[in-house]
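Below is one structure, written out as structure tokens; the observations come after it.
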Amino acid sequence: MITFNLNEAINILERTPETVSSLLNGLPEPWIKSNEGENTWSPYDIIGHFIHGEKTDWMARAKIILSTSNTKTFEPYDRFAQQREDQNRPISELLNTFKILRDQNLMTLKSLNLGVDELNKTGIHPELGVVTLQQLLSAWVVHDLAHLAQINRVMAKQYATNVGVWKAYMGILNQ
């Protein structure tokens, strides 16, 4: 288990926009719009979710934790907000928007010069209760990594029947 390190966390968060751009930009629509079935997300949906999070989740909540306000309760996060956005925007536009927003958020995060005292400050998640800034930032990293894995899994499943007998060796197809 690795001890939380803010610089390492930022280093991982900086890589996500480039990673998804490299993977998705220029692919035909079936690769970016296919999902795993009803009530599941496509890579396109996940990029929309990333964008919404950049606007309303991670840094917005970090600012609440660091504020001098007596009220430290976060607004509930709408995990499905991206589904109410224009679904015809090109993936290249979404990827660019995500990169711009992520760069801005990480620039702000770096400018805060956070130390141990700040990382231990708390806010209140509407469902989970008291959380520290360190936990929030750790969750941001894990959230990115989880959705990167999800994108890869959804894309791999597009060839699930094409791999034939090799499916027995393709654990990702059985998740």
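The values are calculated or read from the model by the stated rules, or taken from the named source; none is laboratory data. All of these numbers come straight from a predicted model, not from anything done at the bench. Cβ: placed from backbone, ideal geometry, glycine included. Neighbour counts: every protein chain shown.
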Open item on the list: Tally up the residues in region 107-122 that are in a helix (DSSP H, G or I) and buried (at least 17 other Cβ atoms within 10 Å of the Cβ), please.
Closed with: 2
TODO: Select from region 130-163 the residues that are of a type in the set (Gly, Ala, Ser) and modelled with pLDDT of 95 or more and write down the one among them that is farthest from GLU29 (Cα to Cα).
DONE: SER138
Open item on the list: Among the numbered criteria (1) crowded, with 17+ Cβ neighbours inside 10 Å; (2) out of contact with any helix residue (DSSP H, G or I) (no Cβ under 6 Å at 6 or more places or on another chain); (3) under 16 Å from THR56 (Cα atoms), which one does VAL131 miss?
Closed with: (3)
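Table: residues versus (1) within 18 Å of the chain's Cα centre (by Cα); (2) surrounded by 14 or more Cβ atoms within 10 Å (Cβ to Cβ); (3) assigned to a helix (DSSP H, G or I); (4) not polar (S, T, N, Q).
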position	(1), (2), (3), (4)
LEU23	yes, yes, yes, yes
PRO30	no, no, yes, yes
TRP41	yes, yes, no, yes
ASP45	yes, yes, yes, yes
GLY48	yes, yes, yes, yes
ARG61	yes, yes, yes, yes
ILE64	no, yes, yes, yes
GLN82	yes, yes, yes, no
GLN87	no, no, no, no
Task: Those residues of region 123-175 which are in contact with a strand residue (DSSP E or B) (Cβ under 8 Å, 6 or more places away or on another chain) and part of a strand (DSSP E or B), in sequence order - done: GLY123, ILE124, HIS125, VAL130, VAL131, THR132
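Checking the conditions here, which among LEU101, LEU145 is among the hydrophobic types (A, V, I, L, M, F, W, C) and touching a residue at least 60 places away in the same chain (Cβ under 8 Å)?
LEU145
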Open item on the list: Anything in region 66-76 that is surrounded by fewer than 14 Cβ atoms within 10 Å (Cβ to Cβ) and not small (Gly, Ala, Ser)? List them, or say none.
Closed with: THR68, ASN70, THR71, THR73, GLU75, PRO76
Task: Pair list, Cβ under 7 Å, 6 or more apart: region 75-97 residue over 16 Å from SER42 (Cβ atoms), other residue surrounded by 12 or more Cβ atoms within 10 Å (Cβ to Cβ) and among the polar types (S, T, N, Q) - done: TYR77/THR56
